[in-house]
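A short worksheet on the structure shown next.
Where a number appears in this text, it was derived from the coordinates with a stated rule and is not lab data. Just so you know, these numbers come straight off a predicted model, no measurement behind them. Every residue, glycine as well, gets a Cβ built from its backbone with ideal geometry; the counts of neighbours run over all protein chains shown.
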């Protein structure tokens with residue numbers, strides 16, 4: 001049995017894990033590796049990709065910067081989160097703001113230090129990424145739509161850096177990126193509907209606060225309809241292997257999403273819609289394995 005002191009240490013660790021959203025970071029790291037193996041560098045031997053030290057450092061540094069981004073975002077949103085996410089907020093507050101900020105600076109320092117092993121360009125890239133996350137959290141987040149757009153751009157940046165590393169400029173990769181970006185942007189807009197109470201209380205000028213829920217729904221509908229275009233292109237115009245099953249399922253789920261979007265008006269309903277988009281995005285990560293089933297089986301066996 002854990003004594004009181006050890007229980008507190010475990011709770012603080014869980015609190016910090018909650019603040020940095022460790023589960024999200026693990027999914028992003030996995031997505032970077034799967035995208036590298038099956039989409040960005042499919043012709044390279046598995047061993048050469050998995051044991052590439054530069055790629056490992058890029059993924060590690062990305063994880064550090066994303067973790068620090070969640071910390072600084074949590075720091076600025078602490079009052080709003082008390083209203084929108086009271087249970088999570090109480091867990092997050094087990095770690096002091098001072099500890100969070102110290103961790104933030106340590107993670108960023110280590111990220112830049114490790115990036116220097118890859119190249120000076122990597123240092124500049126990740127330094128800009130760190131600044132961009134801070135500037136978004138400090139200034140841009142409260143600007144309607146622009147804040148959503150910047151947040152979505154920052155969310156796909158870890159995939160952009162891997163894309164640049166492999167210098168693979170195939171059109172199919174850009175279509176994948178557009179599909180992902182539109183889903184993330186729609187998800188950010190749904191989060192604004194879900195968190196409208198806290199945004200109103202803390203004077204966050206989001207789209208639903210300034211222009212109403214109907215305008216938000218119109219914008220989200222437009223983004224989802226736009227996302228259907230790259231998904232249909234990936235099904236019928238590009239060779240994505242068995243991943244076409246994922247995109248067909250995604251199209252079906254997105255149509256269902258739109259139907260329920262216009263019937264929703266409560267926080268719980270918006271949370272369900274948020275989770276549908278989250279499922280489509282996360283399942284897309286694992287469906288990368290379907291790009292080449294034979295390649296998967298050969299690499300496992």
Next item on the list: Post the alpha-carbon centroid distance, the stretch 41-100 to the stretch 207-280, in whole angstrom.
Entry: 25 Å
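Using the count of nearby Cβ atoms within 10 Å as a rough guide to exposure, how do 121, 278 rank from fewest to most? Could the numbers behind the result be given before it?
Numbers: 121 10, 278 15.
Least crowded to most crowded, the residues run 121, 278.
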Checklist line | Within the stretch 219-241: backbone nitrogen closer than 14 Å to the residue 255 label point (7 Å, Cα to C-beta) | finding: 225, 228-229, 232
Next item on the list: Give, in nm to one decimal, the length gained when the segment between residue 225 and residue 271 is fully stretched (0.36 nm per residue of separation minus the Cα-Cα distance).
Entry: 14.5 nm
Margin query: If I take R0 = 25 Å and measure r between the Cβ atoms of residue 197 and residue 97 in this structure, what FRET efficiency does the formula 1/(1 + (r/R0)^6) give, to the nearest 0.05?
Written below: 0.60
Checklist line | Taking 179, 163 and counting other C-beta atoms within 10 Å, the order from fewest to most | finding: 163, 179
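Is the stretch 76-190 best put as rounded, prolate or oblate by its Cα gyration tensor, with a ≥ b ≥ c the root eigenvalues, rounded for a/c under 1.5, and otherwise prolate when a/b is larger than b/c, oblate when not?
On the way: a/c = 2.41, a/b = 1.27, b/c = 1.90.
Oblate, since a/c reaches 1.5 and b/c is not below a/b.
Order of 134, 262 from fewest to most other C-beta atoms within 10 Å?
Numbers: 134 17, 262 12.
Ordered from fewest to most neighbouring Cβ atoms within 10 Å, 134, 262 come out as 262, 134.
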Next item on the list: Classify the chain as rounded, prolate or oblate, taking a ≥ b ≥ c as the square roots of the eigenvalues of its Cα gyration tensor: rounded when a/c is under 1.5, otherwise prolate if a/b is larger than b/c and oblate if not.
Entry: oblate
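When only Cα pairs under 8 Å and 6 or more residues apart are kept, what is the percent relative contact order across the chain?
Details: 311 pairs, mean separation 59.4, N = 301.
Relative contact order of the chain: 20 percent.
222 nm [θ] for the chain, helices only, -39500 (n - 2.57) per DSSP H run of 4+, per residue, to 500? Please list the in-between numbers first.
Numbers: 16 runs with 241 residues, N = 301.
Taken over the chain, the calculation gives -26000 deg cm²/dmol.
Express in nm, to one decimal, how much length is gained between residue 232 and residue 211 on full extension, taking 0.36 nm for each residue of separation and deducting their alpha carbon distance. Before the final figure, lay out the partial values.
Details: separation 21, 0.36 × 21 = 7.56 nm, distance 3.16 nm.
Value of the extension gain: 4.4 nm.
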Next item on the list: Provide the FRET efficiency to the nearest 0.05 for the residue 48-residue 79 pair, computing r from the beta carbons and using R0 = 51 Å.
Entry: 0.60
Check: Does the stretch 95-150 classify as rounded, prolate or oblate by the C-alpha gyration tensor (a ≥ b ≥ c root eigenvalues; a/c under 1.5 gives rounded; else a/b over b/c gives prolate, otherwise oblate)?
Finding: oblate
